[in-house]
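These notes concern the structure reproduced below.
Nothing in this text is a laboratory measurement; each read-out follows from the coordinates by a stated rule. Just so it is clear, the structure is predicted and the values come from calculations on it, not from any experiment. Backbone-built Cβ (ideal geometry, glycine too); neighbour counts: all protein chains shown.
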Amino acid sequence: MQQQKRLIPLAAMEQLIKNAGADRVAEDAKQALKEVLEEKAMVIAQNAVKMASHAGRKTIKASDIKLALQG
């Protein structure tokens, strides 16, 4: 079995799903949400890096993240 990086804790996934109204959350549901969010976050982060680089910066700002969400 492949060891996955723990970028976002499964406990946070459970809390998000419960905050959305669920009473109980299966382990596979937590894992599925974690994978989807991490994939989406990676795309956003990569686009934000491009935005900062285009602006001649190495530092990623909140505005880069917001712009990356629009693209």
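Looking only at residues of region 17-36 that are over 15 Å from the mean Cα position of the chain (by Cα) and among the acidic types (Asp, Glu), we find that the one that is surrounded by the most Cβ atoms within 10 Å (Cβ to Cβ) is Glu27.
Glu39 meets the conditions (1) touching a helix residue (DSSP H, G or I) at 6+ places or on another chain (Cβ under 9 Å); (2) loosely packed, with under 12 Cβ neighbours inside 10 Å in every case but one. The failed one is (1). For region 42-71, the candidate set comprises residues that are surrounded by 12 or more Cβ atoms within 10 Å (Cβ to Cβ) and small (Gly, Ala, Ser); within that set, the residue that is farthest from Leu7 (Cα to Cα) is Ala55.
Of Glu39, Glu14, which residue is charged (D, E, K, R) and either over 18 Å from the mean Cα position of the chain (by Cα) or over 24 Å from Ala68 (Cβ atoms) (or both)? Reasoning before the result, please.
On the way: Glu39 fails: either over 18 Å from the mean Cα position of the chain (by Cα) or over 24 Å from Ala68 (Cβ atoms) (or both).
Of the residues listed, the single one that is charged (D, E, K, R) and either over 18 Å from the mean Cα position of the chain (by Cα) or over 24 Å from Ala68 (Cβ atoms) (or both) is Glu14.
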